[in-house]
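Colleague: The following block contains the structure, expressed as structure tokens.
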Amino acid sequence: MELIDLAATPEGRNDFVGFLENICSTMDLDYASYASANPVSGKVVAFTTYPDPWRDHYMQQNLHLSDPTLHTAARSIAPVDWGRLDESDAFNKVFNQASDFGLPSIGMTIPIRGPYGETGLFSVTSGASVRDWGLLKRKIIADLQLSAVYMHDRVMKSDRLLDILRHPALSAREKEILQWVAVGKSQQDVGDILSISPRTVEVHLRSTRHKLSVLTTPQAVGRAVSMGLIYPG
């Protein structure tokens, strides 16, 4: 999955990172971050208050692909305290490197399910002791869950971010071919209509199936129709 850091954009910095910074200051937390993952587009959009050196390292090393704070929470419906994560190879890989950057290992990730199949992941960290973190967590958990939903809704209402999350980058030719298939044309028919070979049609359909994360062409048609990329036949 591709990680897109939009924290440096004016929209990301002013609207989203500023909101995370305010949460940290009002709830006595060290850092906060938010990511939206979309299973169709294969993109992860992220914002964070972490220091730039760690953020750059995290992206360069593609640590989001193995980060247990993200992957465990993405499969959960309840907040995930990092203290309950299994100390797997992935755990050690991410947390040992974070420690090298002087970052705390205590924290929590709150998952939010979205209306377009995306998963929002809202994470906070604290440099407090285990005991003090337990006390702080009980005090702020309700506000954190509200903040997580609020943050997710704000991201989803951003036209630019919603477009990135919802729509895979199908080319004009891929949509054109899929549209002809949707109205019942065979690969041979589509090739004749567009003056290309059936083999070229199949190459485009294979790419379309991959981008839409489906196994068959009928599934690709169904998903593309549901997403508004083509019209039903």
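Colleague: Give me the one-decimal nm value for the distance between modelled label points at GLU176 and SER129, 7 Å along each residue's Cα-to-Cβ direction.
Modeller: According to this spin-label approximation, the distance is 6.9 nm.
Colleague: In the neighborhood of GLY134, defined by Cβ-to-Cβ distances under 13 Å, what is the net charge if each Lys or Arg adds +1 and each Asp or Glu adds -1? Intermediate values should be presented prior to the final figure.
Modeller: Details: positive: ARG84, ARG131, LYS137, ARG138, LYS139; negative: ASP81, ASP132.
Taking every Cβ under 13 Å from that of GLY134, the sum is +3.
Colleague: Separate question: With label points built 7 Å along Cα→Cβ from the Cα atoms of GLU87 and SER66, find their separation and express it in nm.
Modeller: 1.7 nm
Colleague: So if we plug the beta-carbon distance of SER99 and LEU146 into 1/(1 + (r/R0)^6) with R0 = 25 Å, what FRET efficiency do we get, rounded to 0.05? Kindly include the intermediate steps, with their values, before the conclusion.
Modeller: Working: r = 30 Å, r/R0 = 1.22.
Once rounded, the FRET efficiency stands at 0.25.
Colleague: What is the calculated FRET efficiency for ILE196 to MET59, with r their C-beta to C-beta distance and R₀ = 45 Å, to the nearest 0.05? Intermediate results must be reported in sequence, preceding the final value.
Modeller: Details: r = 38 Å, r/R0 = 0.85.
Efficiency for this residue pair is about 0.70.
Colleague: Just to check I understand the Karplus step: with θ = phi - 60° and J = 6.51 cos²θ - 1.76 cosθ + 1.60, what whole-Hz values come out for region 174-189, glycine and proline as x?
Modeller: Taking θ as phi minus 60°, the curve returns 4, 5, 4, 5, 5, 5, 5, 5, 5, 8, x, 7, 7, 4, 5, 4 Hz for region 174-189.
Colleague: Could you tell me the calculated FRET efficiency between ALA78 and SER207, based on Cβ-Cβ distance and R0 = 41 angstrom, to the nearest 0.05?
Modeller: Numbers: r = 38 Å, r/R0 = 0.92.
The formula returns an efficiency of 0.60 here.
Read-outs throughout are calculated quantities, based only on the coordinates presented, and are distinct from any laboratory measurement. All of these numbers come straight from a predicted model, not from anything done at the bench. Every residue, glycine among them, receives a Cβ derived from its backbone with ideal geometry; neighbour counts consider all protein chains shown.
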